[in-house]
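Colleague: Have a look at this one before I ask anything.
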Amino acid sequence: MPALRNARHELYCQERAKGATQTAAYVTAGYSPKAANVAACKVEKRKDVQERIANLIAENVSKEQAATAKAVEKLAVTREDVLREVWDNAMKAKAGEPVYDREGKPTGEWIANFAASNKALELFGREAFGMFVNVTKILRSPFDDLGYEETKSLLEGLNAALTASAPQPVDAGKAGSVQPSNPARTTH
């Protein structure tokens, strides 16, 4: 996708793709910080802006993957090498290190670093077996693509419908109205 025609929107998208918050990206793009959080939300809802941000993120991921592949090729490191090192680290951390006295002599005690061992095992499990993977589910609403005016109109319509269907207050003087049997005991 080519750069957006609006230079500020393009800069906003680039900042968002780098991980900036909506408000920070909006101000960096040259807009006023006054009410930036509200205005940034409006910019973020634009379809072209959303598509551009997604496109820039995809480009960044692609560049990172290419750079990683080049570095791995240059270092001649294989997946097996990495997994072997992670496994060795896990076992070393679990086995622990000897404790020495003030004179540098071993005391016969050992201190294990289980936190480091567990982290190494987690990394190994993620890579070797696909374990411990965080899954994020992005929920979309049918209202996500509505603009400000459409949202305002929808809310006004809903408020009108709710007001029309709301129960009307009962006049105590009308026949058929329900009166409390003991008005002194009523609570509000």
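Colleague: For Cα pairs less than 8 Å apart in space and 6+ apart in sequence, what is the mean separation divided by the residue count of the chain, i.e. the relative contact order in percent?
Modeller: 14
Colleague: Could you point to the residue in A3, M131, T78 farthest towards the positive end of the chain's charge dipole, with +1 and -1 charges on the Cβ of Lys/Arg and Asp/Glu respectively?
Modeller: A3
Colleague: Here is a further query. Past the 14 angstrom mark, what percentage of all C-alpha to C-alpha distances in the stretch 94-146 do you count?
Modeller: I get 71 percent for the Cα pairs in the stretch 94-146 exceeding 14 Å.
Colleague: While we're looking at this one, here's another question. At 37 °C and 0.692 mPa s, what whole-number value in µm²/s does Stokes-Einstein give for the translational diffusion of the stretch 1-75, with Rh from the Kirkwood sum over Cα pairs?
Modeller: Value of D from the Cα-based Kirkwood radius: 250 µm²/s.
Colleague: Could you give the longest part of the chain that holds none of the trypsin sites (Lys or Arg not before Pro) found in DSSP loops with at most 10 neighbouring Cβ atoms within 10 Å?
Modeller: Longest run free of exposed loop sites: 35-101.
Colleague: Given H placed 1.01 Å from N in the peptide plane, which residues other than close sequence neighbours of A112 have an amide H under 5 Å from its amide H?
Modeller: Result for A112 returns E97.
Colleague: Along the charge dipole of the chain, pointing to its positive end and built from +1/-1 on Cβ of Lys, Arg, Asp and Glu, which listed residue (T23, A93, L121) has its Cα farthest out?
Modeller: My answer, from the dipole projection, is T23.
Colleague: Within the stretch 73-131, list the GluC sites (Glu not before Pro) lying in a DSSP loop whose Cβ has at most 12 other Cβ atoms in a 10 Å radius.
Modeller: Here the GluC sites (Glu not before Pro) that fit, given the DSSP loop and packing criteria, are E103.
Colleague: Dipole magnitude of the stretch 75-154 about its Cα centre, charges +1 at Lys/Arg Cβ and -1 at Asp/Glu Cβ only, in debye to the nearest 20?
Modeller: Computed charge dipole of the stretch 75-154: roughly 180 debye.
Colleague: May I ask you to evaluate 6.51 cos²θ - 1.76 cosθ + 1.60, the Karplus curve with θ = phi - 60°, for each residue of the stretch 23-39 and list the ³J(HN,Hα) values in order in whole Hz, giving x for glycine and proline?
Modeller: After applying 6.51 cos²θ - 1.76 cosθ + 1.60, I find 5, 4, 5, 5, 5, 4, 6, x, 8, 5, x, 5, 6, 4, 5, 6, 5 Hz.
Colleague: With only Lys, Arg, Asp and Glu charged, each at its Cβ (+1 for the first two, -1 for the last two), find how big the charge dipole of the chain is about the Cα centre; round to the nearest 20 debye.
Modeller: 460
Colleague: Go through V43, S32, A58 and say which Cα lies farthest out towards the positive end of the charge dipole of the stretch 1-75; charges sit on Cβ, +1 for Lys and Arg, -1 for Asp and Glu.
Modeller: Highest projection toward the positive end goes to S32.
Colleague: If you don't mind, another one. Along the Cα→Cβ direction, 7 angstrom out, place labels at E149 and T163. What is the inter-label distance in nm?
Modeller: 2.2
Colleague: I've got another one for you. Within the stretch 55-164, count lysine pairs with alpha carbon atoms under 23 angstrom apart where the residues are 8 or more positions apart or belong to different chains.
Modeller: Lysine pair count for the stretch 55-164: 5.
Colleague: I've got another one for you. Quick one: dipole size for the stretch 1-75, taken about the Cα centre, charges +1 on Lys/Arg Cβ and -1 on Asp/Glu Cβ, in debye to the nearest 20.
Modeller: It works out to roughly 220 debye.
Colleague: Turning to a different aspect of this structure: Take every Cα pair under 8 Å in the stretch 1-75 that's 6+ residues apart, average their separations, divide by the length, and report that relative contact order as a whole percent.
Modeller: 32
Colleague: Give me the distance in nm between label points sitting 7 Å out from Cα along the Cα-to-Cβ direction at K119 and L83, one decimal.
Modeller: Result for the modelled spin labels: 2.2 nm.
Each reported figure results from applying straightforward, stated rules to the coordinates on display, with no laboratory input. Because the structure is a prediction, the values reported are computed rather than measured. Ideal geometry is used to build each Cβ from the backbone, glycine not excepted, and the neighbour counts take in all protein chains shown.
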